Amino acid sequence: MDLGTRLNDLQSRLHRYVAAYGAWRGTRILVKLVCGHGLVPIQLPGSRDSILLRPHTTDVAAFEQIFIGLEYDLPIGEMTPKFIIDGGANVGCASVFFARRFPRAAIWAFEPEGSNYDILEQNGKRFSNITTMRAAIWSSDTHVEIENPSDEKWAFRVQQASIGATSRVQALSIPSILKLAGEDRVDILKLDIEGAERELFGRGSAQWIDRVGVIIIELHDWILPGCSEALLNATKGLSWTRSRIGENTILIRA
């Protein structure tokens, strides 16, 4: 990216931060994200709450999508969620967004990668209704491993753990999560699991799909062809309203 393009991008981001925070605070927060190092607390728009982020990583892009672009600001009317699953929670931006919007909901956040989970855990502790677990979401209860440990922080993929793998991580099915949480349904199921959605919706989803009210999912057919087809097959026969916000496909039970 050349200097002119970078300056134009920075100016565009500044406009969005100013719109979200106001001129002084928006500028100050963007400077912290552009120039900061380590783990930086960033105040949330319209709140005294803050979230910990790593500048110069994909944490910032996730933050901007969710809190500046409002990609999880769902058109769900008067629905009052009781139980929300955040699958592929990364450092917790979506979980924190839901915790603030739905303060009476229990949010269970799942992240399999260790460095992301350490920050997710810290962010989750700031909200009494967030429960964090270092685990992946899968079609069955098993163990998985990170397939691409050198990639960007929001791009980690999991695969079935190989025999003798030293970095095994627990994976849980939706029915097992419901049992652990003592819930009978998932009001909002948010998934950004880098292609594992093909596995999740491809096997056994008939056992639980009718217990989900809203699905928010980023589909990754470019990583694993068949993700969209698996979702379509899993949800057919039930009445869903389908829409799209940013990178996410939204399905709401009619």
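Where does the chain land at 222 nm, in deg cm²/dmol rounded to the nearest 500, when only DSSP H runs of n ≥ 4 count, each adding -39500 (n - 2.57), divided by all residues?
On the way: 8 runs with 81 residues, N = 254.
Helix contribution divided over all residues of the chain: -9500 deg cm²/dmol.
Whenever you get a sec, line up His143, His15 from highest to lowest accessible area (probe 1.4 Å, protein heavy atoms).
Details: His143 75, His15 125 Å².
Heavy-atom accessible area, descending, gives His15, His143.
For all pairs of alpha-carbon atoms in segment 25-119, what percent lies in each bin of width 5 Å, listed from the first bin to the last filled one?
Here the calculated profile for segment 25-119 is 2, 12, 23, 25, 19, 11, 6, 1, 0.
Along the positive direction of the dipole of the chain (beta-carbon charges: Lys, Arg +1; Asp, Glu -1; about the Cα centre), which of Ala165, Asn233, Gly182 reaches farthest?
Positive-end residue among those listed: Gly182.
What's log10 of I(q)/I(0) for segment 110-212 at q = 0.10, 0.12, 0.19 Å⁻¹, Debye sum over Cα points only, no solvent?
Per q value, in the given order, log10 I(q)/I(0) is -0.28, -0.41, -1.03.
Taking the alpha-carbon set of segment 124-180, what are its Rg and Dmax in Å?
Cα radius of gyration and Dmax of segment 124-180 are 13.0, 38 Å respectively.
Just subtract the alpha-carbon distance of Ser243 and Asp184 from 0.36 nm times their residue separation and send over the number in nm, one decimal. Can you show the working numbers first?
Numbers: separation 59, 0.36 × 59 = 21.24 nm, distance 2.57 nm.
Separation in residues times 0.36 nm, less the Cα-Cα distance, equals 18.7 nm.
State, in angstrom, two size descriptors of the chain derived from its alpha carbons: Rg to one decimal place and Dmax to the nearest whole number.
When restricted to Cα atoms, the chain yields Rg and Dmax of 18.2, 55 Å.
Which lysines, if any, have their Cα less than 21 Å from the Cα of Lys190, not counting same-chain residues under 8 positions apart?
Straight-distance partners of Lys190: Lys82, Lys125, Lys153, Lys179, Lys236.
Roll a 1.4 Å probe over the protein chains and send me the accessible area per residue for the chain in Å².
Working: 12180 Å² over 254 residues.
Dividing the accessible area of the chain by its residue count gives 48 Å².
About the Cα centre of segment 120-243, what is the dipole size in debye to 20, counting +1 per Lys and Arg Cβ and -1 per Asp and Glu Cβ, all else neutral? Show your work: numbers first, answer last.
Values: 14 positive and 17 negative charges, 65 e Å.
I would put it at about 320 debye.
Would you mind checking the tilt of helix 114-124 against the longest principal axis of the Cα atoms of the chain, expressed as 0 to 90 degrees and rounded to 10?
So the helix axis and the longest Cα principal axis differ by about 80 degrees.
Would you work out the charge dipole size for the chain about its Cα centre, treating the Cβ of every Lys and Arg as +1 and the Cβ of every Asp and Glu as -1, and quote it to the nearest 20 debye?
Details: 28 positive and 30 negative charges, 172 e Å.
About 820 debye.
Leaving out ligands, DNA and RNA, what percent of the accessible area of the chain is carbon and sulfur, probe 1.4 Å? Walk me through the numbers before you get to the answer.
Details: 6130 of 12180 Å².
Looking at the chain in its full context, I get 50 percent from C and S.
Report ³J(HN,Hα) in whole Hz for each residue of segment 236-249, in order, from the Karplus equation J = 6.51 cos²θ - 1.76 cosθ + 1.60 where θ = phi - 60°; Gly and Pro get x.
After applying 6.51 cos²θ - 1.76 cosθ + 1.60, I find 5, x, 10, 8, 10, 9, 10, 8, 9, 10, x, 8, 9, 8 Hz.
Once you wrap a convex hull around the alpha carbon atoms of segment 192-254, what is its projected area averaged over all directions, in nm²? Numbers along the way, then the final one.
Values: hull surface 15.7 nm².
Mean shadow area of the hull around the Cα atoms is 3.9 nm².
The values are calculated or read from the model by the stated rules, or taken from the named source; none is laboratory data. Computed from a prediction, not measured in an experiment: that's the story for all the values here. Backbone-built Cβ (ideal geometry, glycine too); neighbour counts: all protein chains shown. Heads up: the accessible areas ignore ligands, DNA and RNA and are worked out on the full protein's heavy atoms, side chains in. Shrake-Rupley method; radii C 1.70, N 1.55, O 1.52, S 1.80 Å.
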